[in-house]
Amino acid sequence: RRWRDHLQLRLIEHFGEEQGAGLFRTYAEAFPDNYRGEYLPRVAVADIEKIQSLRDEEDLGLSLYNRNSSLGSGLHLKIYRLGEAIGLASTLDILENLGVEAIEERPYRISPIGRLPVWISDFGLKLSTAIENPLTRQYFQEAFAQVYLGRIDNDGFNQLVLLAGLEWREANLLRAGWRYLRQCGAGFSQRYVERCLAHHPVIAAKLIELFH
C-alpha cells in the first residue's frame, strides 16, 4: 500500500467510516513529499486532528512530544497555524524564556481541499531538565500560546513553568509580585530576581503554594 492508502485506513480507524472518509477526501493529497517521507500516516492523523481544531488565522495549535525516528530523537514542539508559517525568528525568544533552546526547524505546508493552507512548524528542542509530568507539557504549551498571543510578557519568569511546574497564571503571579516589590523600592533588578527563582524552583513553587 501507498502512504495515502495507509492514511485512509488510519483515518477511518480513528474517526469512524463516515467522518474518516470525508477527512480523507480533504487531506488525501494535502501533505507534501517531505512530510510523507518523514512521518508515518498515524502521525498525520494526529496532525489532522490538530488542524481541524484551528478556528481562524489567529489561533494556534501546539503539540509537545518526544520524537523517535530515523531523523533522530528528542523533545519536539509542533506549531500549527492557518495561513502563514511561524518561523524560528518569531519563536526563538519565547522558547528561550521558557527555558528551552531550539536546535532545528522543519516547516511543512499542508494544503487541504476547501480550506486555507496550514503550516506545521516542527522545532527540535534542547532543555536542561526532562519533562516527566504530563501536566507540565500542557502548561508549557499554554504558556507558549499566551506569550505568542501577547497576553503575558515574554521574559525569564516564564521558565518557571518548566522548572517549578507552574501554570502560566502562577508564573504571571510571581511577575506581578516582583513588580509590586519594585514599586515598594526593592533594589534588585528583574533579571536578578528571575535568575534567583530559576536557581531555586522549589522555593518558587512554595511561594505559589503559600499564596493559594
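The values are calculated or read from the model by the stated rules, or taken from the named source; none is laboratory data. Since the structure is predicted, the reported quantities are computational estimates derived from the model, not experimental observations. Please note: Cβ atoms are built from the backbone with ideal geometry, for glycine as well, and neighbour counts cover all protein chains shown. Quick note on the areas: whole protein, heavy atoms, side chains included, nothing else; ligands and nucleic acids left out. Shrake-Rupley method; radii C 1.70, N 1.55, O 1.52, S 1.80 Å.
How far apart, in nanometres, would the label points at Asp59 and Asp155 be if each is projected 7 angstrom from Cα along the Cα-to-Cβ direction?
Between Asp59 and Asp155, the label points sit 3.2 nm apart.
Kyte-Doolittle mean at least 0.0 and Cα extent at least 27 Å along the axis: which DSSP H helices of the chain qualify?
On the way: long enough: none.
Qualifying helices, which must be both long enough and hydrophobic enough, do not occur.
Report the accessible area of Lys126, computed with a 1.4 Å probe over the heavy atoms of all protein chains in place, in Å² rounded to the nearest 10.
Accessible area, nearest 10 Å²: 120 Å².
Rank Thr136, Thr129 by accessible area, highest first, at a 1.4 Å probe radius?
Values: Thr136 15, Thr129 60 Å².
Final ranking, largest accessible area leading: Thr129, Thr136.
What net charge do the residues around Gly74 carry, taking every other residue with its C-beta under 12 Å from that of Gly74, with Lys and Arg at +1 and Asp and Glu at -1? Don't jump to the answer; show the numbers that get you there.
On the way: positive: Arg67, Lys126; negative: Glu101, Glu104, Asp122.
Result for the local shell: -1.
What nm value, rounded to one decimal, do you get for the distance between Leu116 and Asp93 when each label is placed 7 Å out toward the C-beta?
2.4 nm
Give the calculated FRET efficiency between Arg36 and Arg169 to the nearest 0.05, with a Förster radius of 35 Å applied to their Cβ-Cβ distance. Spell out each step's value before the answer.
Details: r = 40 Å, r/R0 = 1.13.
With a Förster radius of 35 Å, E is 0.30.
Multiplying the sequence separation of Glu84 and Glu13 by 0.36 nm and subtracting their Cα-Cα distance, what value in nm do you get?
Values: separation 71, 0.36 × 71 = 25.56 nm, distance 3.08 nm.
Here the segment from Glu84 to Glu13 would lengthen by 22.5 nm.
Any idea what the relative contact order of segment 1-125 is, in percent, if you count C-alpha pairs under 8 Å spaced at least 6 apart?
Values: 192 pairs, mean separation 29.8, N = 125.
It rounds to 24 percent for segment 1-125.
Please compute the length gained on full extension between Ala21 and Cys184, using 0.36 nm multiplied by the number of residues separating them and subtracting their Cα-Cα distance.
Gain on extension, Ala21 to Cys184, equals 52.4 nm.
Roughly to the nearest percent, how much of the accessible area of the chain is carbon and sulfur, given a 1.4 Å probe? Kindly include the intermediate steps, with their values, before the conclusion.
On the way: 5710 of 11640 Å².
Carbon plus sulfur share of accessible area: 49 percent.
Per residue, how much accessible surface does the chain expose to a 1.4 Å probe? Answer in Å², no decimals.
55 Å²
Within the set of other residues whose C-beta is less than 12 Å from the C-beta of Leu166, count the net charge using Lys and Arg as +1 and Asp and Glu as -1.
On the way: positive: Arg169, Arg175, Lys206; negative: Glu142, Glu167, Glu170, Glu209.
My count for the surroundings of Leu166 gives -1.
Leaving ligands, DNA and RNA out of it, rank Leu127, Leu11, Leu162 by accessible area with a 1.4 Å probe, largest first. Write out the running numbers ahead of the final one.
On the way: Leu127 50, Leu11 0, Leu162 25 Å².
The ordering from most to least exposed comes out as Leu127, Leu162, Leu11.
Could you tell me the distance between the Cα centroids of segment 13-78 and segment 94-109, to the nearest Å?
Cα centroid to Cα centroid, the span is 19 Å.
Just add up the charged neighbours of Asn97: K/R +1, D/E -1, any other residue whose Cβ is under 13 Å from the Cβ of Asn97.
Working: positive: Arg175, Arg191, Arg195; negative: Asp93, Glu96, Glu101, Asp153, Asp155, Glu194.
Net charge around Asn97: -3.
The list [x] 1, 6, 14, 17, 16, 13, 10, 8, 5, 4, 2, 1, 0, 0; [y] 1, 7, 13, 15, 18, 17, 14, 8, 3, 2, 1, 0, 0; [z] 1, 7, 17, 21, 22, 17, 10, 4, 0, 0 gives values of P(r) over Cα pairs in 5 Å bins from 0, in percent, and only one came from this structure; which label was calculated from it?
It is the one labelled [x].
For the chain, what does the helix formula give at 222 nm: sum of -39500 (n - 2.57) over DSSP H segments with n ≥ 4, over the residue count, nearest 500 deg cm²/dmol? It would help to have the intermediate numbers written out before the result.
Values: 10 runs with 108 residues, N = 212.
The helix-only estimate for the chain comes to -15500 deg cm²/dmol at 222 nm.
Quick one: which residues, 5+ away or cross-chain, put their amide H under 5 Å from the amide H of Glu104? H built at 1.01 Å from N.
Excluding prolines and chain starts, which carry no amide H, the hits are Gly124.
Using a/c under 1.5 as the rounded threshold, could you call segment 48-136 rounded, prolate or oblate? The axes a ≥ b ≥ c are square roots of the C-alpha gyration tensor eigenvalues, and prolate needs a/b larger than b/c, oblate otherwise.
Values: a/c = 1.81, a/b = 1.69, b/c = 1.08.
The shape class here is prolate.
What residues from segment 87-118 fall in the zone where the backbone N is under 17 Å from a label point 7 Å along the Cα-to-C-beta line of Arg195?
97, 99
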